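In what follows, a single structure is set out as structure tokens and then discussed.
Derivation of every value follows stated rules applied to the coordinates shown; laboratory data play no part. Quantities reported herein were computed from a predicted structural model and do not represent experimental measurements. Using ideal geometry, Cβ is built from the backbone for each residue, glycine included, and neighbour counts are taken over all protein chains shown.
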Amino acid sequence: MNQSAYNFERCKLCGQPSATPAYPLHDACIYSCQNCDFHYLDVLDDEHPAPTDSQLDDTSRRYIETRLNESLNLHSERLKLVKEHTDLSSTTALDIGAGLGQFQLSINQKGGRCLGIEPSHLRRQYAAETFGIELFKELVDHPTWQEKFSRYFGLITLWDVIEHVNFPRETLHAAVKLLKPGGILSLETPSRDVAAYRLSLIAHRLSKGKFSLFLPTFYSTARYGHKQIFTHKQLIKLLNDAGLEVIELSHSYTKRLTPGNKIIIVAKKL
Ligand SMILES: [Zn+2]
């Protein structure tokens, strides 16, 4: 899909020409679909950016390492989750939005074989230098994947990915094509069902756009920033439409008193 000519009135989820600019923020606008109530920013990443000469330097390395430590716990929780549904020692897996490749590394250490896709050149470079793993830059809808890996993987994961991509429906359908029948797809994304989001919409509406409260923290116009936030119902419908059955849904990895702010899903290809 050509991102430079995209008409944001066409809903990125249901495809109907039913979306309107509903919640202007200071640097972008959240579109809302009158048909399916999907919310997304009127911003897309350039899929073919001009080549940059950015190399991994000490500053970017330090930044990456801070994030690396933050995500250590998350990776073990994610691993525990998928382990309940698939035999990691024999699985062939694909981690979409692999970041620094730690999840891929964990699967490989369990005896499985995991490949990873990561669009950020710096992260790929870090993963190669630090862990000795090669991450692929070709996105999941690229012919390399679609032609050579159709119905190939037993496990596909998208950890904090679906909110970042330009076209979530197309990304998900492309991923499902690579999954074997009976294969598992697992993902995590921020939830729009949380009180902070709902209160922010009310504040924005009542103040006629003067106060957005937490809305700007849910979205970002930065490259690879959050472009859409799902309700769990919208996400389940999207997965069902792609031929998946949701077998587990939660809002946090551990039991807690208040509801978590994530949507964590394990789904199976029919
Ligand atoms: Zn829609």
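Taking all Cα pairs closer than 8 Å and separated by 6 or more residues, the relative contact order of the chain comes to 16 percent.
Panel order for D45, D87, by other beta carbons found within 10 Å of each beta carbon, from fewest to most: D87, D45. Which aspartates and glutamates, on any chain, are close to K227 with Cα under 17 Å apart, when same-chain ones fewer than 8 places away are left out? Straight-distance partners of K227: E9, D27, D37, D42, D45, D46, E47, D160, E163, E170, E188, D193.
With neighbours defined as other Cβ atoms within 10 Å of a residue's Cβ, the residues L244, L213 order from fewest to most as L213, L244. For the range 60-199, a crude dipole built from +1 on the beta carbon of Lys and Arg and -1 on the beta carbon of Asp and Glu, taken about the Cα centre, is about 100 debye to the nearest 20. Exceedance of the 22 Å cut-off in Cα-Cα distance is limited, within the set K233/K262; K83/K148; K237/K268, to K83/K148.
Structure remark: mean-square fluctuation, Gaussian network model of the chain, C-alpha springs under 10 Å; the largest value among E118, E245, E70 belongs to E70.
The alpha carbon centroids of the range 21-85 and the range 249-270 are separated by 19 Å. Taken about its Cα centre, the chain carries a charge dipole of about 820 debye when Lys and Arg each add +1 at the Cβ and Asp and Glu each add -1 at the Cβ. When R62, R10 are sorted by how many other C-beta atoms sit within 10 angstrom of their C-beta, beginning with the fewest, the order is R62, R10. Cβ distances below 4.7 Å define possible disulfide partners, and in the chain the cysteines left without one are C29, C114. Based on DSSP H segments of at least four residues, each scored -39500 (n - 2.57), the chain has a per-residue ellipticity at 222 nm of -9500 deg cm²/dmol.
Seen against the Cα atoms of the chain and their longest principal axis, helix 232-241 is set at about 60 degrees.
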